[in-house]
1. In region 106-162, which residues are in a helix (DSSP H, G or I) and among the small types (Gly, Ala, Ser)?
2. May I ask you to list the residues in region 76-111 that are under 14 Å from Ser157 (Cα atoms) and not basic (Lys, Arg)?
3. Picking from Ser66, Ser41, which residue would you name as being modelled with pLDDT of 95 or more, surrounded by 10 or more Cβ atoms within 10 Å (Cβ to Cβ) and not aromatic (Phe, Trp, Tyr)?
4. Of the numbered conditions (1) modelled with pLDDT of 95 or more; (2) surrounded by fewer than 11 Cβ atoms within 10 Å (Cβ to Cβ), Arg30 fails exactly one; give the number of that condition.
5. Being among the basic types (Lys, Arg) and either closer than 18 Å to Gly102 by Cα or under 16 Å from the mean Cα position of the chain (by Cα) (or both) is the filter here, so list the residues in region 35-86 that pass it.
6. Looking at region 138-162, which of the residues that are more than 20 Å from Trp96 (Cα to Cα) and surrounded by 14 or more Cβ atoms within 10 Å (Cβ to Cβ) is modelled with the highest pLDDT?
7. Tell me yes or no: at least one residue of region 54-68 is outside any helix (DSSP H, G or I), of a type outside the set (D, E, K, R) and without any contact (Cβ under 8 Å) to a residue 60 or more places away in the chain.
Amino acid sequence: MKKPLKVKKRRMKRKGKRMSENISKKRMMRKLIFESLFQLSVKDVKLEDILFTFEKLNEGVRLEESYYLEAKQYIEDIYKDKNEYDELIKKYSVDWSIERIGNIEKTVMRIFIYELINKKEIPVKVILNESTELTKTYATQKAAAFVNGIMDKIARSQASIM
């Protein structure tokens with residue numbers, strides 16, 4: 001009787017682990033960005049205050065330098081372009097004023113609108129999935145579906161522009 005072929009599972013696990021580690025790091029980065037930017041939805045706050053919050057949050061997590069620098073860039077750019085992102089949210093959230101949309105949902109959408117516009121290397125499907133998952137972390141399944149619906153409309157509009 002022939003012996004069954006052995007598949008090199010060990011190597012495959014390493015690759016999978018490395019990829020999932022990167023996803024986990026990116027997800028953690030997004031959570032820190034979210035937690036830092038959330039205050040922007042609640043009150044008028046300066047960029048320096050948001051970056052200070054980010055620094056404090058990062059002390060407990062210690063993002064690798066590349067993720068740390070990328071997160072700071074996200075925060076600075078989203079802060080600068082917040083009104084532009086809010087206009088997109090208004091445009092595609094039919095029958096909902098921006099004031100009526102929850103702060104969690106607005107903050108999540110700002111982060112992922114930033115990614116849709118500025119991070120072309122990230123597939124749209126990943127952006128939509130991550131926005132849904134982040135919303136579920138901080139809000140309800142219903143809120144996640146709401147965010148996904150608006151983000152899908154925005155993604156389609158951005159695709160038709162490019």
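The values are calculated or read from the model by the stated rules, or taken from the named source; none is laboratory data. Source: prediction; values computed, not measured. All Cβ positions, even for glycine, are placed from backbone atoms using ideal geometry, and neighbour counts span all protein chains on display.
1. At the first step, the residues of region 106-162 found to be in a helix (DSSP H, G or I) are 106-118, 124-138, 141-161.
Within region 106-162, Ser131, Ala143, Ala144, Ala145, Gly149, Ala155, Ser157, Ala159, Ser160 meet the criteria.
2. First, pick out the residues of region 76-111 that are under 14 Å from Ser157 (Cα atoms): 85, 87-93.
Once the filter is applied, which keeps residues that are under 14 Å from Ser157 (Cα atoms) and not basic (Lys, Arg), region 76-111 yields Tyr85, Glu87, Leu88, Ile89, Tyr92, Ser93.
3. Ser66
4. (2)
5. Residues of region 35-86 that are among the basic types (Lys, Arg), as a first pass: 43, 46, 56, 62, 72, 80, 82.
Residues satisfying the conditions are Lys43, Lys72, Lys82.
6. Step by step, filter region 138-162, then rank; the result is Tyr138.
7. In the first step, residues of region 54-68 are kept if they are outside any helix (DSSP H, G or I); the result is 62-64.
With of a type outside the set (D, E, K, R) added as a condition, the list becomes 63.
If we keep only those that are without any contact (Cβ under 8 Å) to a residue 60 or more places away in the chain as well, we get 63.
Yes, region 54-68 contains at least one residue that is outside any helix (DSSP H, G or I), of a type outside the set (D, E, K, R) and without any contact (Cβ under 8 Å) to a residue 60 or more places away in the chain.
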